[in-house]
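The next block holds one structure in the form of structure tokens; read it before the comments.
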Amino acid sequence: MDIARSLALTAPEVLISISGLVLLLIAAWGGDKASRLISILAVAVLAACAVLAAPALWGQAMGADVAAFGGQHHADAFAAFAKLLIYASAGVTLIVAQSFFDKAKAMRAEFPLLVLFASLGMGMMVSAGDLLALYIGLELSSLASYVMAAFLRTDDRSAESGLKYFVLGSLASGILLFGMSLTYGFTGTTSFAGINAALSGGLSTGATFGVIFVLAGLAFKISAAPFHMWTPDVYEGAPTPVTTFFATASKVSALGLLMRVSFEAFGSQPHAWQQVVIFASLLSIIVGALGAIGQNNIKRLMAYSSINNVGFILIGLATGTKAGASAMLVYLAIYVAMSVAGFVAVLLLRDENGEQVEAISDLAGLSKTRPWLALALASVMFSLAGIPPLFGFWGKFVVFQAAVQADMIGLAALGIAASVIGAFYYLKVVKVMYFDEAVDKVRGEGELSHAVLLALSTLAISPLGYLGSKCLGTLADYAASALFHVG
């Protein structure tokens, strides 16, 4: 009976696992010619998983037992919120990937399978209730991501990004494992609930080191400074659909995992990790802003932008409160929409030969030659900068509000001041598009699916996004409550 109940609670993961194996057989029999069919079926599987996960977000009674397999997996509202963002991001990746790889004559039937299995690992990460489940989900996601980063075998940049991601990712996994072993050694358990109870009596020096090493390993996965060194090279070198996946699904899963570990496993000793998080937050904001200023490649600029935005999201974690956790989830949802809009716009930047245009200088005068594309990209830049009335402003506002409510006024003030620096490089892109002499480099026509995705995501981050802000805030509050086990 317990196994049947656990399988029911892990229905999205079970569905992806079985579907992935079936699609793997189709790929083996049909070859690369079946890639489009497999991609369509994979999107359908992700949609079905979203339907299975969604009821836990608004239909699960608070306080109900949502633990599966002896507490190793939590199918609660927090996991459901994160999974919906992950599945949506993975679906967008599959929609934009087919035409991108077809143009490069590099589409393989394995790509949608890699996205599916990476999504499976990410779902396990945000639902983890045990250090072992955490690590299995993390590695399943990471191994698929390493291959995806190097998927364009004819492109040296792609191969380089895959290698860098693999080497530095392995180092981060080693640091994380070391922290997990210390945590287990000084608490006697790998369960998050058990660790929380063991640490409530006090924190020894060894356990403190365990907490710090676990956080350091996870900081790599979210691209937080000073563990950000892989991000610009991987974002630039990886195929653009893969970069989209890294900027959205990977970011949501890693931050979701960090939140669950911090609040559920180490929640009884917040002072042990709050200073570390505050340091990483401020450093990420500054490094992301300053690093982006000298960039001339739009994908590298977006990489530093992601580091910068992670810094703002970590302000919510530093508060250690439910309001901070809710603010993080609101910011994450908005950031996913901004990233999708940004990278789909980049996909539409093609020259007359169909080659990707990535140099910011080649966007000069885009407003005169492709006004709607320039408007969408400008909306992304203004929203990422947090300039009202665009919806990106709301993400920053709720995070700063949570910091003020937690009496961290100094942290909020530093974050606001640092966000002014970040506005410079976003405005630089807008200035190039609207005020520089047109070079008419962007001439290629994009896919209809890309244009539709860009239109939808741009509308989501426009002032129209505020129409759903109350609903988003309510769902985020409900999801955050699951981490604190309060109604």
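Descriptive notes on the structure:
- In order through segment 468-482: 3J(HN,Hα) via Karplus (6.51 cos²θ - 1.76 cosθ + 1.60), integer Hz, x for Gly, Pro: x, 5, 5, 5, 4, x, 5, 5, 5, 4, 5, 5, 5, 4, 4
- Note on segment 353-414: the alpha carbon radius of gyration divided by the globular reference 2.2 N^0.38 Å gives 1.63.
- Shape category assigned to segment 323-380 from the gyration tensor of Cα positions, a/c cut at 1.5: prolate
- Relative contact order, whole percent, for the chain stands at 16, derived from Cα pairs under 8 Å and 6 or more residues apart.
- When the Cα positions of LEU373, GLY179, ILE212 are compared along the charge dipole of the chain, LEU373 comes out farthest toward the positive end, with charges on each C-beta of Lys, Arg, Asp and Glu.
- Formal net charge of residues neighbouring MET338 (Cβ-Cβ distance under 12 Å; K, R +1; D, E -1): +2
- Gain on full extension, evaluated as 0.36 nm per residue between ASP351 and GLN401 minus their Cα-Cα distance, stands at 13.6 nm.
- More than 16 Å apart - percent of Cα-Cα pairs taken over segment 73-150: 53 percent
- For segment 174-309, the average shadow cast by the Cα convex hull is 8.0 nm², which is a quarter of the hull's surface.
- Neighbour net charge for HIS228 - beta-carbon separation under 13 angstrom, K R +1, D E -1: +3
- Working note: Cα gyration tensor of segment 131-175, eigenvalues times five, square-rooted, sorted largest first, giving semi-axes of 23, 11, 4 Å.
- Protein accessible area in segment 1-60, 1.4 Å probe - carbon and sulfur %: 76 percent
- Amide H contacts under 5 Å for ARG350: VAL357, ARG443, GLY444, restricted to partners 5 or more places along the chain or on a different chain, H placed in the peptide plane at 1.01 Å from N.
- For LEU456 and ALA48, the difference between the fully extended length at 0.36 nm per residue and the C-alpha to C-alpha distance is 144.8 nm.
- Separation of alpha-carbon centers, segment 396-463 and segment 51-125, rounded to whole Å: 26 Å
- Where the Cα pairs of the chain fall when distances are cut into 10 Å bins, in %: 4, 21, 32, 27, 12, 3, 0
- One way to sum up the overall shape of segment 375-487 is the equivalent ellipsoid from its Cα gyration tensor, whose semi-axes run 33, 21, 10 Å, largest first.
- The angle between the Cα long axis of helix 371-385 and the main principal axis of the chain comes to about 30°, on a 0 to 90 degree scale.
- D_trans [Stokes-Einstein, Kirkwood Rh over alpha-carbon pairs] for segment 175-234, 20 °C, 1.002 mPa s, µm² s⁻¹: 176 µm²/s
- With N as its number of residues, segment 237-365 has a Cα radius of gyration that, divided by 2.2 N^0.38 Å, comes to 1.20.
- Estimated FRET transfer efficiency when R0 is 35 angstrom, pair LEU375-ASP32 (beta carbons, to 0.05): 0.40
- Percent carbon-and-sulfur accessible area, segment 280-342, ignoring ligands, DNA and RNA, probe 1.4 Å: 67 percent
- Rounded to the nearest 0.05, the FRET efficiency derived from the C-beta distance between ALA359 and MET229 at R0 = 22 Å is 0.45.
- Sequence ranges 469-476, 457-464, ranked by mean other-Cβ count within 10 angstrom, highest first: 457-464, 469-476
- Phi-based couplings in Hz for segment 17-33 (Karplus 6.51, -1.76, 1.60; Gly and Pro marked x): 4, 5, 5, x, 5, 5, 5, 5, 5, 4, 5, 5, 7, x, x, 5, 5
- Approximate shape of segment 12-151 as ellipsoid semi-axes (Cα gyration tensor, √5λ), whole Å, largest first: 29, 15, 12
- About its Cα centre, the dipole of segment 286-420 is roughly 220 debye, where the only charges are +1 on Lys and Arg Cβ and -1 on Asp and Glu Cβ.
- Helix axis angle, 270-293 relative to the chain longest principal axis, alpha carbon, degrees: 10 degrees
- Long-range HN-HN contacts of ALA128 with modeled amide H, under 5 Å: HIS74
- Using just its DSSP H runs of length 4 or more, each adding -39500 (n - 2.57), the chain gives a mean residue ellipticity at 222 nm of -24500 deg cm²/dmol after division by all residues.
- Against the chain, whose longest principal axis is taken from its Cα atoms, helix 131-149 shows a tilt of about 10°.
- A simple rule links phi to the HN-Hα coupling: the Karplus curve 6.51 cos²θ - 1.76 cosθ + 1.60 with θ = phi - 60°, which for segment 107-117 gives 5, 10, 5, 6, 4, x, 5, 4, 5, 4, 6 Hz, with x for Gly and Pro.
- Relative contact order for segment 339-407, counting Cα pairs under 8 Å that sit 6 or more residues apart, in percent: 19 percent
The values are calculated or read from the model by the stated rules, or taken from the named source; none is laboratory data. Since the structure is predicted, the reported quantities are computational estimates derived from the model, not experimental observations. Ideal geometry is used to build each Cβ from the backbone, glycine not excepted, and the neighbour counts take in all protein chains shown. When the accessible area is computed, the model is the full protein with side chains, heavy atoms only, and any ligands, DNA or RNA have been set aside. Shrake-Rupley method; radii C 1.70, N 1.55, O 1.52, S 1.80 Å.
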